[in-house]
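What follows draws every value from the coordinates through simple rules; no lab data is involved. The structure displayed is predicted, hence computed values, not measured ones. Cβ placement follows ideal geometry from the backbone for every residue including glycine, while neighbour counts extend to all protein chains displayed.
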Amino acid sequence: MKIYSHENQKLHKPKGYYSRGKMRQPQEMPERLVELLKAPEVMGLKVTDAKEIGIDPILAIHDFGYVDFLKHGYDEWTALGEEMGEEVQTSIYASTNNAGLGILAKAAQYQADGSAPIGKYSWTSIYWSAQTALNAADALLKEEIPQNDIQICLTRPAGHHARKSSAGGFCYLNNAAIIAQHLRQKFQKIAIIDTDMHHGQGIQEIFYDRKDVLYTSVHGSPINFYPVVAGHEHEKGQGEGYGYNINYPMPHGTDEKGFFSYVDKALENVTLFNPDVVVHVLGFDVYKDDPQAKCYVSTQGFMALAKKMKALNKPIIVLVEGGYCIEKLSENLQAFLSGFISE
Ligand SMILES: [Zn+2]
């Protein structure tokens, strides 16, 4: 097992956002990574500092103008010199029919909702989150790790809500999609299994018409729950991708047994697809006391989840994404990691 992270991921510190009728305190904070990093430390496991792989794999998924906005939007925002807030964030959302003339228009175009503000250091964290994920893909491409090894990427900010050209749901670059595409240089079939509390509509959208990347997700029903407009069972893909997008929306209030019954179905899809590599988007926001939870997974449940993943007997890259019960992140990650280590 190999674990990756990078210190630069702690720099992004969102201040606040407007959602569902009121101002909200951001839950996706640098402290999350501090807590996650305690898990390997307690267990005596080494964490490898991610090295830089570069921008090309990012641009293989995301539009150039969007990446340019993420990287330079803050400078353009502050250069206005007017009474602008400390973060790039507008309340105008117009992704289409918008020529992007001016930073406010670009923000309207490239931010899909209010939960993805861009501050002075956001890009540095966003970029290094993607680089951290790419390190695991690169190790597989270069055969630097044993076959069927498990690689864990402690990534922040998360990625699965990011679309080809828009940020949202605390996400900016779609790390799962970026590494799946990067892995395609060598591997024919990639399966992405997403067990975060929320549906990864960004991943779904990016691979919706493809059959070389399977996306299967277990998540809270999107009815009146983020991402609200995607994640239903009837969304199955299109064209040659039809059937290769498989959603399991859970009714809100699903218990742990129910969660695992959906996970087992998703894993059956992965087994049937017989991928060369499995990418697991792991969210600790399914944890019973998480402020985002609509189901009730226990700490021990994460160990069970890891054992199920390990039983696939494939090369697995885990991207740690959601999880906002900060005081339990270390304990829950320890439980998950121990599921891979134990026989
Ligand atoms: Zn989530």
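What is the dipole size for the chain, taken about its Cα centre, with +1 at each Lys and Arg Cβ and -1 at each Asp and Glu Cβ, in debye to the nearest 20?
Computed about the Cα centre, the dipole is about 360 debye.
Could you work out the helix-only [θ] at 222 nm for the chain, with each DSSP H run of four or more residues adding -39,500 (n - 2.57) and the total divided by the number of residues, to the nearest 500 deg cm²/dmol?
It comes out at -10500 deg cm²/dmol, rounded to the nearest 500.
Say we join alpha carbon atoms closer than 10 Å with springs in a Gaussian network model of the chain; which of Y17, Y296, Y127 then has the biggest fluctuation?
Answer for the Gaussian network model of the chain: Y17.
Restricting to the chain, what percent of DSSP beta bridges are antiparallel, rounded to 5?
15 percent
Counting only the backbone N, which residues of the stretch 159-178 are under 11 Å from the spot 7 Å out from the Cα of L141 toward its beta-carbon?
Taking a point 7 Å out along Cα→Cβ of L141, no residue of the stretch 159-178 has its backbone N under 11 Å.
Would you work out which of G21, V67, N269 lies farthest towards the positive end of the dipole of the chain, given +1 charges on the beta-carbon of Lys and Arg and -1 on that of Asp and Glu, about the Cα centre?
Result: N269, furthest along the dipole toward the positive end.
Check cross-link reach from K46 to the lysines: straight Cα distance under 24 Å, and skip same-chain residues fewer than eight apart.
Reachable lysines: K2, K10, K38, K142, K307, K308, K310, K314, K328.
How many angstrom lie between the C-alpha centres of the stretch 55-72 and the stretch 279-343?
Between the Cα centres of the stretch 55-72 and the stretch 279-343 lies a distance of 30 Å.
Starting at the first residue of the stretch 289-297, write each ³J(HN,Hα) from the Karplus equation 6.51 cos²θ - 1.76 cosθ + 1.60 with θ = phi - 60°, in whole Hz, x for Gly and Pro.
9, 6, x, 9, 5, 10, 8, 10, 8
Return the lysines within reach of K236: Cα separation strictly under 16 angstrom, same-chain partners fewer than 8 residues apart disregarded; answer none if there are no such residues.
Within reach: K211, K265.
I want to verify the translational diffusion coefficient of the stretch 155-267 in µm²/s; compute it with Stokes-Einstein, Rh as the Kirkwood radius over Cα pairs, at 37 °C and 0.692 mPa s.
The diffusion coefficient I find is 233 µm²/s.
Report the semi-axes of the equivalent ellipsoid for the stretch 147-203 in whole Å, largest first, where each axis is √(5λ) for an eigenvalue λ of the Cα gyration tensor.
21, 13, 10
List the extent of the Cα atoms of the stretch 190-343 along each of their three principal axes, largest first, rounded to whole Å.
Extents along the principal axes, in whole Å: 44, 38, 22.
Give, to the nearest whole percent, the P(r) tail of the chain beyond 34 angstrom, counting all Cα pairs.
17 percent
Using the per-residue mean of other Cβ atoms lying within 10 Å as a proxy for protection, in what order, highest first, do the peptides 46-56, 157-167, 222-232 fall?
Top to bottom by mean Cβ count within 10 Å: 157-167, 222-232, 46-56.
Would you mind computing Rg(Cα) / (2.2 N^0.38 Å) for the stretch 25-126, counting N as its residues?
Its radius of gyration relative to the 2.2 N^0.38 Å reference: 1.32.
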